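Take a look at the structure set out below.
Nothing in this text is a laboratory measurement; each read-out follows from the coordinates by a stated rule. Keep in mind the model is a prediction, meaning the values are calculated, not measured. With ideal geometry, Cβ positions are generated from the backbone for all residues, glycine too; neighbour counts draw on all protein chains shown.
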Ligand SMILES: NC(=O)c1ccc[n+]([C@@H]2O[C@H](COP(=O)([O-])OP(=O)(O)OC[C@H]3O[C@@H](n4cnc5c(N)ncnc54)[C@H](O)[C@@H]3O)[C@@H](O)[C@H]2O)c1
């Protein structure tokens, strides 16, 4: 935002019921910012609003960010409730999924993409007209350090977070090219001590027990949600295109830029023993039935394979000067 002060501005924060989102709401409210705190969990977001002092300036909204219509509806409701267009949208809501590509169920993959990728796009596009109208807008999309490097068992999370980064960086270039009054920042947190590990979905055959995963996550996280919120808000104030959160995020960013694609060797060496744990034993097990190819592609694939077979047979027969039986 052009303005260095949040006083009297209107911010919309998703995933406001816990972790980074809750800390952002409390920090912004302390600075006199009006906040629409959004979450899918009604009790949790009402608690956040209570902690912020509530009243007319900080209000709770309950909807699923993966529901495009609901997001666009809420954009109108929020504008009308506060009587002004939003200046700031922080697309922060997110979930985790631990599953190898081999074993990942489509429903889990789509669940994660709905929230972590599409939810960010819906929030951006639902509020963009208001941000432009405000004359002083800012889009803040929360990716991850996993939007810069990949790890084992996090393909869906990586896909969503790399996607958020690409989408957000493109938006920033567009806003500048079109001379529109909207700043854009992409946030890349390292490990932050929040509830995300506890609510992550883990494929049972990955060998990662929920309790072990949460314990491991607590051990490796270096930054509190309050500190993360302070870094993000400082980044917004300075219109930073990329906001790295935590010392681990800075180290990983440097490693990726220094090593290039060879970062994968380091990431594998460090993360494989932690992420796989006992699962090395199940790595050769047959994938669960949900992994089977969707039936719609079965028929065309068979026909295409048949056409290739016929073509190959014709070519061979042509070379041998004989008519192939299969071409009849
Ligand atoms: N904690 C970390 O180490 C870390 C690291 C990198 C990036 N991030 C990202 O930071 C963001 C915030 O995560 P967090 O760590 O504070 O997690 P968290 O679990 O503490 O909070 C996430 C919030 O999002 C809400 N939410 C989940 N699904 C939703 C939906 N469909 N619609 C609306 N709200 C929904 C949850 O109810 C919860 O209140 C996420 O995008 C996450 O991917 C977190």
Completion exercise
For region 10-284, inverting the pair-averaged 1/r of distinct alpha-carbon atoms gives a Kirkwood value in Å of 19.0 Å
Problem - Calculated P(r) tail over 15 Å for region 51-93, as whole % of Cα pairs - result: 49 percent
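For region 100-156, go through all pairs of different Cα atoms, get the mean of 1/r, take its inverse, and jot down that Kirkwood value in Å.
Value: 13.4 Å, from the Cα pair sum.
Rank by packing, highest mean first: peptides 158-169, 13-24, with packing defined as the count of other Cβ atoms within 10 Å averaged across residues.
Per-residue Cβ counts within 10 Å, averaged per peptide and sorted highest first, yield 13-24, 158-169.
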Practice task
Against the globular-protein guess of 2.2 N^0.38 Å, express the Cα radius of gyration of region 140-229 as a ratio, rounded to two decimals.
Solution key: 1.30
